[in-house]
Amino acid sequence: MFFKKKKQTEDPKEVPISNSLEKNTKHLKQLFSFGLNKDFSVREITARYSNKKINLFFYSSIVNSTKIHEGIIRPLLEAQGDDLTTIITLENIKESKDFGEVVDDINSGNIVLFLEDSNKAFSVNVADFQHRGIEKPENENAVKAPKEAFTESLYVNISLIRKRFHDKQLIAEAKPVGARSKLDVTVMYIKDVVNNEVLENVRERLDNLTIDNVRNIESLEQYIEDRPYSIVSSLLYTERPDRAASYLEDGYIVLLMENSSACLILPVTFWSFFHSEEDRYLRFLFGNFSRLIRFLAFLISLLISAVYVSVTNYHNEMIPPDLLLAIVSARERVPFPVVFEIMLMEVSFELIREAGLRIPNPLGPTIGIVGALIIGQAAVEANIVSPIVVIIVALSGLSSFAVANISMNYTIRLTRFIFIFSAAFFGMLTLTGAFLLWVMYLASLRSFGVPFLAPLSPNFQSNRDTIFRKMIKNEYFRPGQLKPKDMRKKG
Amino acid sequence: MMRKLLMFTVLLVPLAGCYDQTEVEQQSYVIAIGLDKTDDEGTFRITFQAANPEVGSTLSSGGSQEEPRETVTLEGNDLIAAKDTANSVMTKQIALDHTKVVVVSEELARSGEFLRIIQAATRTTELRRSVQIIVSKENASDFLKNNQPLLETRPHKYYQYMLTRATQTGIIPESEIHRFFQITEGDADAFLAIYATTEQTEPKETGNEDQYIAGEIPVEGGNPTQFMGSAVFVEGKMIDILSGQETRVANILDDTMDMEALYSTFPDPKDKRYRIATNFSKDRPTDVKIEYHKNQPTKINVTIPFTIEVVGVPSLVDYSKNKENRKLLEAYIPKLAEEQANNLVKKTQEQYKTDIFYWSLYIRKYFTSIDEYEKADWNNKIYPNAEINVDYKLKQLYFGKMIDDSNLGEVRD
């Protein structure tokens, strides 16, 4: 209702450009609150080639002033010629006929020229938004891998991808998103590989967004995903251009936006979260070893606390007598039940993690000291928890760091609590039940129409790049679950 | 409706939740159970020996002055029901999950009442089937009280090491409760249980390394408990005791027993004053072939492939380089072993009327139904009349690291 109302009111931007420069200038100044808006600049020039007045409009904060001076103002004042396009030396000049376009242009860093006695406006791109340089990846570290990461500039990011994949079929399609502040979402794909259905699906979702503003990729993810309440994410967030490029090559779609130092890859499967790009750069054995370790870490992180709870509470015959007696002697002075003990430690571990993330850098070391002291020693000495629980929780916490992807990391951490609770009810029986349900849930998921556990289940023709990967020379296919137009990668 | 149903099922879980849940520290872990006879029939003296978790644990400091075990004896009619009575003394719920041994007094075992009380073990899920049965010469409660291991103060560790090692050397059999029921209910064969005691009887004077039964071994120092030999159970009732040597032979003849190499001595064929020390190892399975004839004696051929490593020749006779001597030894050792085996087989045939080697396994294939098999009667008809031929096959004879012995003449020069 609210949106409808907004649309019906007369939009001052829809007004067509008139022939009178004075009128146009006045209208534009009003639109941009000239005077009040400090960096909105208007420059009046009398062009030498026509002896007519020309007004220039731009935001001084987001344009390159040297470029304006050298490419526009100076030629206008000095050069002679027949027509504006021959005078201005910059790359391209766009003509517009209504104020809507003009306003968008100015907002996105163009300079707009209004000529006397003309109902056309000319806009030249001189945008110069400030952004960080290209730096090393902060979250997806790798030893044997390129060290470039995306940065908060769309052009730089596209350039980083194009640098890695030279193909005329690599398309960077722009889709404007947002009603008030319009920003382009760049959809990148390889035209003769990508599955059109998925692409159409993405386009549709982007078109259907009815919001004022999507600031970056991170919030876009939540606007276009299928199941916002789901425990697993259906888009892969990565800051590595090499990763994006390799996914593109396989027929995936990459979404980029200004202001985000990462991209979104879709559709994804469980395996994309589980893999790291370094697995492919390492040799066959090394890469698979690292995957094996990560898979173990994944299982340990998910299950070890829950298994401890169920085994100590219900199945103590499973524990070797030495360990059992050690646990008993440690627990004799602990006042809480095992479940509570585990929860206490898990929660304090989460606290340390959260606090460590939010704490200002100079205070960082304190977290380590406080955390290690409280959890490692004091709690044990005060008989609040038993040392074995500290080992269990530390192991599960450590393992969760091995699952590098942030979405999967949260999934695991949340699931772990579900498993602990289920283990507390009937031991292994309920834990197995909960695990089964969880796997069934994963199997039921779809990301943009692609089953989440594919190509393992359901089965698709592919490289079987699931837990382990093949020799790189033996990888013939693109992932079949995407139904790419070009299935063969090699041979 | 669906939603309500879902809610209902979800709510059912916490309603039933935590049934069966017990925290580990709220249980007392019984490592050994002792069973004795009382004067009343149907009543038994039951002993529980529980481990103290605080002893031997580096995690806690408080329990170091406490006893490593708590032993409680009480009278009761049933093994499982007695647990609750024991709680009048013991503080925690008694768990039999980690029980390692059941000690039965010889008196109870011989009376035949043992089967009545141990029957409970098949019903309960608590007692493992791998619990070993030990027959003690004295009362089981005394055995458990007197058994004071010096090094492995924690009881579970003591039984674990003691039984594993003694079984490997073959001086005691493997006597899992599961095997006990298998053999007893199979209505054929006899079951061998571990024989042990803490009471030193008159030491046997003329014993070689394994010709003892527990209590007879002249040992100085260490724990008074001796494990040696086995108790023979026929149909759940103990009838005899076998010495360590006989137990070893039984273990060798029985392919279901796991036995590694064992050290054993033989009289020196060249010099009867000394004995040759050897390492006997049976690394290939015993081969038992049975030819069943309905009205004739059944033929049982047993082949035992084995290897001998001579580790000591105190007589200093040259067996290694002298070809004749070597030949003599090669023929002598199997002969001696066969003699031992035949003696034991004869004893079982005549005295027990059944075998202690679980050989009935090999005859079962001749019968199409259990009825038919039971009618044929292994215990009384087939086995006692069978023609049994035990054949020890020496596969290898070697002489250790050094072929030559020291020359006594030169040394004493």
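The values are calculated or read from the model by the stated rules, or taken from the named source; none is laboratory data. These figures come from a predicted structure and were not determined experimentally. Glycine also receives a Cβ, built like all others from the backbone with ideal geometry; neighbour counts cover every protein chain displayed. Surface accessibility is based on the protein's heavy atoms, side chains included, excluding ligands, DNA and RNA. Shrake-Rupley method; radii C 1.70, N 1.55, O 1.52, S 1.80 Å.
Once you treat every alpha carbon in segment B:27-249 as an equal point and sum by Debye, what is log10 I(q)/I(0) at q = 0.13, 0.16, 0.18 Å⁻¹? Debye output, listed in q order: -0.72, -1.10, -1.37. The sum of -39500 (n - 2.57) across all DSSP H runs of n ≥ 4, divided by the residue count of chain A, sets its helix-only mean residue ellipticity at 222 nm to -13500 deg cm²/dmol.
Phi-derived couplings, Karplus 6.51 cos²θ - 1.76 cosθ + 1.60 at θ = phi - 60°, listed residue by residue for segment A:97-109: 10, 10, 5, x, 4, 4, 5, 4, 4, 4, 4, 9, x Hz, with x used for Gly and Pro.
For chain A, what is the charge dipole size about the Cα centre, in debye to the nearest 20, if Lys and Arg each add +1 at the Cβ and Asp and Glu each add -1 at the Cβ?
Values: 57 positive and 56 negative charges, 133 e Å.
In debye, rounded to 20, chain A gives about 640.
Note on chain A: Cα convex hull, mean projected area over all directions, 30.4 nm².
Just tell me how shielded A:331-339 is by partners: mean number of partner chain Cβ atoms within 10 Å of each residue's Cβ, no decimals.
Details: counts 7, 10, 5, 2, 0, 1, 4, 4, 3.
Counting Cβ atoms of other protein chains within 10 Å of each residue's Cβ and averaging gives 4.
Test of the criteria: in segment A:26-125, which chymotrypsin sites (Phe, Trp or Tyr not before Pro) are in a DSSP loop and have at most 14 other Cβ atoms within 10 angstrom of their Cβ? Could the numbers behind the result be given before it?
Values: sites: A:32, A:34, A:40, A:49, A:57, A:58, A:59, A:99, A:114, A:122; in loops: A:32, A:49.
Hits after loop and neighbour filter: nothing returned.
Normalised per residue, the accessible area of segment A:174-279 is 36 Å², obtained with a 1.4 Å probe and no contribution from ligands, DNA or RNA. Once backbone amide H atoms are built at 1.01 Å from N, residue A:177 has A:183, A:184, A:185 as its partners under 5 Å, excluding neighbours fewer than 5 places away on the same chain.
Accessible surface for segment B:188-278, divided over its residues, is 40 Å² per residue with a 1.4 Å probe.
Considering only the protein assembly as shown, what is the antiparallel percent among its DSSP beta bridges, to the nearest 5? Roughly 75 percent of the DSSP beta bridges within the protein assembly as shown come out antiparallel. Solvent exposure of residue A:91, expressed as accessible area, is near 140 Å², computed with a probe of 1.4 Å over the protein chains only. Farthest toward the positive end of the dipole of segment B:156-310, out of B:192, B:230, B:259, is the Cα of B:259, where the dipole comes from beta carbon charges about the Cα centre. Amide H to amide H distances under 5 Å link residue B:28 with B:93, B:94, B:95, where only residues 5 or more positions off or on other chains count and H is placed in the peptide plane.
Among beta bridges from DSSP that stay inside segment B:27-249, the antiparallel ones total about 65%.
With every protein chain in place and a 1.4 angstrom probe, the accessible-area ranking of B:151, A:303, A:482, largest first, reads B:151, A:303, A:482. Across all directions, the shadow cast by the convex hull of the protein assembly as shown built on its C-alpha atoms averages 61.5 square nanometres.
Kindly flag which residue pairs out of A:29/A:52; A:136/A:490; B:145/B:353; A:144/A:483 have an alpha-carbon separation exceeding 25 Å in this structure.
On the way: A:29/A:52 20 Å; A:136/A:490 32 Å; B:145/B:353 36 Å; A:144/A:483 31 Å.
Violating the 25 Å limit, Cα to Cα: A:136/A:490; B:145/B:353; A:144/A:483.
Between B:170, A:72, A:256, the Cα set farthest toward the positive side of the dipole of the protein assembly as shown (charges on each charged residue's Cβ, about the Cα centre) is that of A:72.
Hey, if we sort B:368, A:85, A:466 by accessible area with the 1.4 Å probe, largest down, what's the order? Numbers along the way, then the final one.
Working: B:368 130, A:85 75, A:466 20 Å².
Output order, biggest surface exposure first: B:368, A:85, A:466.
Rounded to the nearest Å, what's the spacing between the alpha carbon centres of segment B:159-233 and segment A:365-431? Just the number, please. Going from one Cα centre to the other spans 48 Å.
Within the accessible surface of chain B, defined with a 1.4 Å probe on protein heavy atoms only, the carbon and sulfur portion equals 48 percent.
In segment A:154-268, the portion of solvent-accessible area held by carbon and sulfur atoms comes to 45 percent [1.4 Å probe, whole percent, DNA, RNA and ligands not counted].
Enter the accessible area per residue of segment B:367-413 (Å², integer; probe 1.4 Å; all protein chains in place). Don't skip to the end; give the middle numbers.
Details: 3540 Å² over 47 residues.
Heavy-atom SASA per residue in segment B:367-413 reads 75 Å².
Can you give the accessible area buried between chains A and B, summed over both chains, with a 1.4 Å probe, in Å² to the nearest 100? Mind dumping the intermediate values first?
Values: alone 25560 and 21800 Å², together 44960 Å².
Rounded to the nearest hundred, the buried surface is 2400 Å².
Computed about the Cα centre, the dipole magnitude for segment A:40-90 is approximately 140 debye when only Lys and Arg (+1) and Asp and Glu (-1) carry charge, each at its Cβ.
Per residue, the convex hull spanned by the Cα atoms of segment B:227-282 amounts to 119 cubic angstrom.
Each residue of segment A:130-138 was assigned a 3J(HN,Hα) from its phi angle through the Karplus expression (A = 6.51, B = -1.76, C = 1.60, θ = phi - 60°), giving 7, 7, 5, x, 7, 10, 6, x, 8 Hz with x at Gly and Pro. The charge dipole of segment B:81-211, taken about the Cα centre with unit charges on the Cβ atoms of Lys, Arg (+1) and Asp, Glu (-1), comes to about 640 debye, rounded to the nearest 20. Sorted largest first by accessible area at a 1.4 angstrom probe radius, with every protein chain in place, the residues A:490, B:365, B:100, B:401 fall in the order B:401, B:365, A:490, B:100. What is the set of long-range amide H partners of residue B:391 at a cut-off below 5 Å, with H atoms built 1.01 Å from backbone N? Answer set, sorted by chain and number: B:302, B:303, B:304.
Using θ = phi - 60° in the Karplus curve 6.51 cos²θ - 1.76 cosθ + 1.60, the 3J(HN,Hα) couplings for segment A:435-448 round to 5, 4, 4, 5, 5, 4, 4, 4, 5, 7, 6, 9, 10, 6 Hz; x is entered for Gly and Pro.
When segment B:30-143 is described by a simple charge dipole with +1 on each Lys and Arg Cβ and -1 on each Asp and Glu Cβ, the residue from B:87, B:124, B:103 located farthest towards its positive end is B:124.
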